[in-house]
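A short write-up of the structure that comes next.
The values are calculated or read from the model by the stated rules, or taken from the named source; none is laboratory data. Just so it is clear, the model here is predicted, and its values are computed rather than measured. Here the Cβ positions follow ideal geometry from the backbone for every residue, glycine too, while neighbour counts run over all protein chains shown. With ligands, DNA and RNA removed, areas are computed over all heavy atoms of the protein, side chains included. Shrake-Rupley method; radii C 1.70, N 1.55, O 1.52, S 1.80 Å.
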Amino acid sequence: MNDFHGKRIVVLGGAGFLGSHLCERLLREGTDEVISLDNFVTGNPRNLAGLTALGGFLSVEHDVTEPLRIAGPVHYVFNLASPSSPIDCAQLPIETLRAGSLGTENGLRLAREKGAVFLQASASELYGDPLVHSQQEDSWGNVNPIGPRCCYDEAKRYGEALVMAYHRGHGLRTRIARIFNTYGPRMRLDEDRVVPAFVGQALRGEDFTVFGDGSQTRSFCYVRDVIDGLVRLALCNVTEPVNIGNPREMTLLQLAEAVRAAAGGAGRILFQPLLREDPQQRRPDITRARTLLGWEPRTSLEEGLVETLAWFRQELGPSSGELRP
Ligand code: NAD
């Protein structure tokens with residue numbers, strides 16, 4: 001895959017979990033210049049620490065809800081700028097809506113001005129509490145417009161509508177990736193996502209907390225695979241939304257057991273009442289990604305957890321990595 005040679009690429013939200021992996025991958029693909037625009041509201045400059053050494057990387061602190069001005073050519077705009085984890089969206093509801101609306105429109109305007117391809121990082125939350133299992137792209141979703149996660153879900157729905165309006169109205173070359181649960185290095189331990197929560201508990205030698213009876217299912221895709229899906233989608237002429245996620249479904253109880261096994265820990269699994277509205281099941285149908293992009297996840301949960309745990313151990317340092325004997 002060398003189609004990024006000689007290209008200039010703008011990544012909105014490049015300092016985040018997915019954005020920083022995307023910047024790295026694009027630089028490794030031989031992209032001439034990758035420019036990250038990020039206001040660091042949920043991202044971290046440390047995520048970008050190794051990128052300058054790869055050459056051709058520029059990090060600019062900028063709020064994407066303000067107009068984007070970039071001199072010179074731009075060939076691709078990847079829009080990943082949005083608070084994403086449930087705790088961030090709960091603390092930043094207005095910022096989430098503004099990033100999804102104003103930020104997305106500023107990114108689309110930039111792509112239109114430059115004749116660039118625009119890729120939108122959309123999300124499986126757009127399917128809401130799914131009525132159909134598993135989720136295909138032609139499902140319209142079942143979203144509560146005033147529920148606890150509404151700012152994120154509705155921002156993603158509006159974002160897709162805006163992307164399609166620019167495509168239909170201005171002939172912009174657009175891509176929409178509906179990303180499902182992703183995990184891997186550079187997640188934050190303080191997020192209330194289930195993988196970092198279990199990993200944190202494993203590394204601190206604590207018991208594992210499962211909310212509900214643990215029978216809710218999720219599917220978890222390793223970050224390297226997700227980034228590969230985004231890169232392939234950007235390079236294909238596919239305008240309709242494409243699910244990017246792992247169809248291997250597991251219960252939260254199975255996930256807790258897998259993290260415990262990967263960490264070599266012995267914590268007990270304890271059950272607590274569910275704190276919030278939570279879909280019972282979510283699993284992507286990736287037929288479209290397989291057919292149109294030739295993409296599917298390659299990393300097993302076991303491999304991905306080993307890499308994730310290794311990264312968190314390094315982050316936390318030797319003293320915090322003590323496991324329960
Ligand atoms: P993240 O919070 O780690 O990264 C988002 C980045 O966007 C951060 O660096 C943040 O500082 C930046 N940002 C937010 N608002 C901004 C603004 N107004 N101006 C400039 N920068 C801004 O989240 P992530 O998990 O890397 O998610 C990236 C994208 O992928 C998001 O759009 C998210 O909705 C989407 N997504 C992620 C997942 C997942 O499992 N991580 C799943 C589905 C969709």
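Take Asn47 and tell me if it is in a helix (DSSP H, G or I), within 11 Å of the ligand (Cβ to nearest atom), over 19 Å from the mean Cα position of the chain (by Cα) and under 28 Å from Ser124 (Cα atoms). For Asn47, the condition - in a helix (DSSP H, G or I), within 11 Å of the ligand (Cβ to nearest atom), over 19 Å from the mean Cα position of the chain (by Cα) and under 28 Å from Ser124 (Cα atoms) - is not met. Residues in segment 62-92 that are under 20 Å from the mean Cα position of the chain (by Cα) and among the charged types (D, E, K, R): Asp63, Asp88.
Scanning segment 154-178 for residues that are open to solvent by less than 40 Å² (accessible area, probe 1.4 Å) and touching a Pro at 6+ places or on another chain (Cβ under 8 Å) returns Glu160, Ile176, Ala177, Arg178.
Are any residues in segment 135-166 among the aromatic types (Phe, Trp, Tyr) and in contact with an Asp or Glu (Cβ under 9 Å, 6 or more places away or on another chain), and if so, which ones?
If we filter segment 135-166 for residues that are among the aromatic types (Phe, Trp, Tyr), which is where we start, we get 140, 152, 158, 166.
Once the filter is applied, which keeps residues that are among the aromatic types (Phe, Trp, Tyr) and in contact with an Asp or Glu (Cβ under 9 Å, 6 or more places away or on another chain), segment 135-166 yields Tyr152, Tyr166.
Reported count of residues in segment 23-44, each being more than 14 Å from Arg188 (Cβ to Cβ), buried (at least 24 other Cβ atoms within 10 Å of the Cβ) and within 9 Å of the ligand (Cβ to nearest atom), is 3. Restricting attention to segment 241-277 and to residues that are outside any helix (DSSP H, G or I) and of a type in the set (Gly, Ala, Ser), the residue that is nearest to the chain's Cα centre (by Cα) turns out to be Gly245. When Leu230, Leu270, Leu253 are checked against the criterion of being open to solvent by less than 30 Å² (accessible area, probe 1.4 Å) and either in contact with a strand residue (DSSP E or B) (Cβ under 7 Å, 6 or more places away or on another chain) or of a type in the set (S, T, N, Q) (or both), a single residue qualifies: Leu230. Of all the numbered requirements in (1) part of a loop (DSSP other than H, G, I, E, B); (2) closer than 17 Å to Arg193 by Cα; (3) among the basic types (Lys, Arg), Arg218 misses one, and that requirement is (1).
Of all the numbered requirements in (1) charged (D, E, K, R); (2) within 18 Å of the chain's Cα centre (by Cα); (3) more than 16 Å from the ligand (Cβ to nearest atom), Arg149 misses one, and that requirement is (3).
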